[in-house]
Amino acid sequence: MVFGGMPEVVLAGQHIKNDIIRNYYNTLIRRDIIEKYRIRGEVILKDLIKLLINSTHYTGSKLFNTLKSIGHSVGKSTVLKYVSYLCDSFFMDDLMEFSPKIKDQLQRQRKTYFIDNAFIAILTTRIHMKGGRLFENLIYWHLKQTYKDIDICYFRGDKDEEVDFVLLDSPKKLIQVAYDMQGISTAEREIRALVKAGRKFALSEALVITYDQEKQDSVKWFKNEMRVHLIPAWKYLLGLH
């Protein structure tokens, strides 16, 4: 999971994996983005990538203000253009928050996912969150491949509770990604978000993808009840659910 899925990286010895990943990264950024789009602000672009990789959510304004605060002279429209280049080159993808209003979707925070976990592993500085970040990134790309014709978004409640993925199928599907559900506070937070989303979308079932836990349970949050299925990632990725 940490070193992604690029064959050369997977098969390489531990001592040279990072060097290979950095070579892939530098080649991709230069050939598929800087040269293709004739970008002059290479340093700005690379700092932008670091900001995106070290943030689970972003807005154009937040990125612009942060880049400005570290001394970069760049317009907000250029920042958004660079983000679109990263998405168009398939280096990253972003996920909108669910809202029935298009204007709200465009203005609210987006979540970021990168084409291979290896790039997150070598560029993130937030070591404490790396495991969960890699885990969710892995699941996201699996969902993109599995549900190619179905739109995906995320849900945010009125107290910032979050459900990682809402599949806008008929009926909708709620999927939460939690590396470890054994902690009481973690379990309560994840379940509360699912129950709120279930109430919003009139759903009575949800899926939680964990590292190795498996069970089914009926949970209540105030007067709302939901059937929650916990499944290990290996089983979900193999389609055994």
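The values are calculated or read from the model by the stated rules, or taken from the named source; none is laboratory data. The shown structure was predicted, so the numbers you read here are calculated from the model rather than taken from an experiment. A quick note on method: Cβ atoms are made from the backbone with ideal geometry, for glycine too, and the neighbour counts reach across all protein chains shown.
Among residues of the stretch 223-241 that are in contact (Cβ under 8 Å) with a residue 24 or more places away in the chain, those with a Cβ under 8 angstrom from a residue that is in a helix (DSSP H, G or I) and not hydrophobic (A, V, I, L, M, F, W, C), sequence gap 6+ or separate chain, pair up as Asn224/Lys196; Asn224/Gly198; Asn224/Arg199; Met226/Gly198; Tyr236/His142; Leu237/His142; His241/Lys235. Taking the stated definitions as given, is Thr66 over 20 Å from the mean Cα position of the chain (by Cα) and within 18 Å of Lys111 (Cβ to Cβ)? Yes.
Here are some residues: Leu80, Leu86, Leu106. Which one is of a type in the set (A, V, I, L, M) and touching a Gly at 6+ places or on another chain (Cβ under 6 Å)?
It is Leu80.
Residues of the stretch 4-46 being closer than 26 Å to His72 by Cβ, among the basic types (Lys, Arg) and surrounded by 12 or more Cβ atoms within 10 Å (Cβ to Cβ), which ones? Arg22, Arg30, Lys36, Lys46, listed by residue number.
With the structure loaded, tell me whether Tyr37 is assigned by TED's automatic domain parsing to the domain that holds Val2, under 20 Å from Ser89 (Cα atoms) and in contact with a strand residue (DSSP E or B) (Cβ under 7 Å, 6 or more places away or on another chain) or whether it fails that test. Steps first, please.
Working: assigned by TED's automatic domain parsing to the domain that holds Val2: yes; under 20 Å from Ser89 (Cα atoms): yes; in contact with a strand residue (DSSP E or B) (Cβ under 7 Å, 6 or more places away or on another chain): no.
For Tyr37, the condition - assigned by TED's automatic domain parsing to the domain that holds Val2, under 20 Å from Ser89 (Cα atoms) and in contact with a strand residue (DSSP E or B) (Cβ under 7 Å, 6 or more places away or on another chain) - is not met.
Listed here are the residues, each with its yes/no results for (1) farther than 23 Å from His142 by Cβ; (2) small (Gly, Ala, Ser); (3) free of Cβ contacts under 8 Å to residues at least 40 places away in the same chain.
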residue: Leu174; (1), (2), (3): no, no, yes
residue: Gly183; (1), (2), (3): yes, yes, yes
residue: Glu188; (1), (2), (3): yes, no, yes
residue: Tyr211; (1), (2), (3): no, no, no
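Total residues in the stretch 30-50 satisfying the condition of being assigned to a helix (DSSP H, G or I), in contact with a helix residue (DSSP H, G or I) (Cβ under 9 Å, 6 or more places away or on another chain) and either closer than 21 Å to Thr66 by Cα or modelled with pLDDT under 95 (or both): the figure is 8. Give me the residue from the stretch 142-160 that is part of a helix (DSSP H, G or I) and free of Cβ contacts under 8 Å to residues at least 40 places away in the same chain and, out of that set, nearest to Ala187 (Cα to Cα). So the residue we want is Leu143. Across the stretch 75-128, the qualifying residues are those that are part of a helix (DSSP H, G or I) and charged (D, E, K, R), and the one among them that is surrounded by the fewest Cβ atoms within 10 Å (Cβ to Cβ) is Lys103. Go through the stretch 161-180 residue by residue and tally those that are in contact with a Gly (Cβ under 7 Å, 6 or more places away or on another chain) and part of a strand (DSSP E or B). Residues that pass the stated criteria total 1.
Only one of Tyr147, Tyr236 is buried (at least 16 other Cβ atoms within 10 Å of the Cβ) and of a type outside the set (D, E, K, R). Can you tell me which? Please lay out each step first, then the result.
Numbers: Tyr147 fails: buried (at least 16 other Cβ atoms within 10 Å of the Cβ).
Checking each option against the conditions leaves just Tyr236.
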